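Below you'll find the structure, written out as structure tokens, and then a few comments.
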Amino acid sequence: MMSFLISDQSLDVKAVESVLSDPECGGIVLFIGNVRNSTANKNVVALEFEVYEPMAILELEKIRDEIFSRWNVKHVALHHRKGRVDVGQSAVIAGISAPHRAEAFEACAYLMNRLKEVVPIWKKEIFDHGEVWVTPHA
Amino acid sequence: MKVKILAFGLAGEVIGKRSLEVELRDNTDTDLLKEHLMLSYPDLRGLLNFTLAVNQSYITSAVQLRDGDEVAIIPPVSGG
């Protein structure tokens, strides 16, 4: 099973966890990515996400297929915010459930890495004065 | 033929809008479209490594465009 959601509302960890819960799965790994208050010594007040939604879902489905082909994993979830997200709020929740934890950890790390490489989502950092589109590895 | 262009992130700012329609000669491919866009919006040249998606799929080399295609300008992604 899988659960992909792009939302302009607060993300719900419990909702992600319930998608992943399964009597066959001894391990659930959840990653919660929150908006940090600084970058490169500048105060960040919020992030603003733009999402190419239909393509984002297609790319997430490809990542899910890659995960299923590489690890013994039962469920994959990725919930991501769009629009403005203030400091301290969650921008992304990624989750994996699997019979055993090692595979869940690896697959969850892979899910987040691929999210940042291929899923068409862009973030803008909003500072006290001004804003800037984030370029990866900057 | 007409093609719908979507411009995301910095590309949307450079172009000044998030979506537009362009009229192209038949048999235009994505390389020609890129040239066309960079002539119309010279600031796109500053966006060194944007890629294109045609009908919600990344292209790895030039593809022929068809009437009604949706082409997205994809600057480096930065989700998460």
Consider residue B:29 against the criteria (1) of a type in the set (D, E, K, R); (2) surrounded by 13 or more Cβ atoms within 10 Å (Cβ to Cβ); (3) within 14 Å of another protein chain (Cβ to nearest Cβ): it satisfies all of them except one. Which criterion is unmet?
-> (3)
Name the residue, out of A:124, A:74, that is within 14 Å of another protein chain (Cβ to nearest Cβ), on the phi < 0 side of the Ramachandran plot and of a type outside the set (S, T, N, Q).
-> A:124
Run down A:67, A:93 and say which single residue is modelled with pLDDT of 95 or more and under 13 Å from the mean Cα position of the chain (by Cα).
-> A:93
Can you work out which of the residues in segment A:92-117 that are of a type outside the set (D, E, K, R) and at the interface with chain B (Cβ under 7 Å from one of its Cβ atoms) is nearest to residue B:75 (Cα to Cα)?
-> A:115
Residues that are within 14 Å of another protein chain (Cβ to nearest Cβ), outside any strand (DSSP E or B) and surrounded by 14 or more Cβ atoms within 10 Å (Cβ to Cβ), drawn from segment A:2-42 | A:11, A:35
Scan (1) surrounded by fewer than 19 Cβ atoms within 10 Å (Cβ to Cβ); (2) β-branched (Val, Ile, Thr); (3) within 11 Å of chain B (Cβ to nearest Cβ) for the single condition residue A:45 breaks and write down its number.
-> (3)
Do we find a residue being of a type in the set (A, V, I, L, M, F, W, C), more than 12 Å from chain B (Cβ to nearest Cβ), surrounded by fewer than 18 Cβ atoms within 10 Å (Cβ to Cβ) and more than 14 Å from residue B:78 (Cα to Cα) anywhere in segment A:51-67?
-> no
Candidate set: segment B:56-80, residues that are out of contact with any helix residue (DSSP H, G or I) (no Cβ under 9 Å at 6 or more places or on another chain) and not acidic (Asp, Glu); chosen: the one nearest to the other protein chains (Cβ to nearest Cβ) | B:60
Matching strands (runs of 3 or more DSSP E) fully within segment A:74-138 where at least 1 residues are in contact with a strand residue (DSSP E or B) (Cβ under 6 Å, 6 or more places away or on another chain) and surrounded by fewer than 20 Cβ atoms within 10 Å (Cβ to Cβ) | A:83-86, A:90-98, A:121-127, A:131-133
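The values are calculated or read from the model by the stated rules, or taken from the named source; none is laboratory data. Values in this document were obtained by computation on a predicted structure and should not be read as measured data. So basically every Cβ, Gly included, is an ideal-geometry build from the backbone, and we count neighbours across all protein chains shown.
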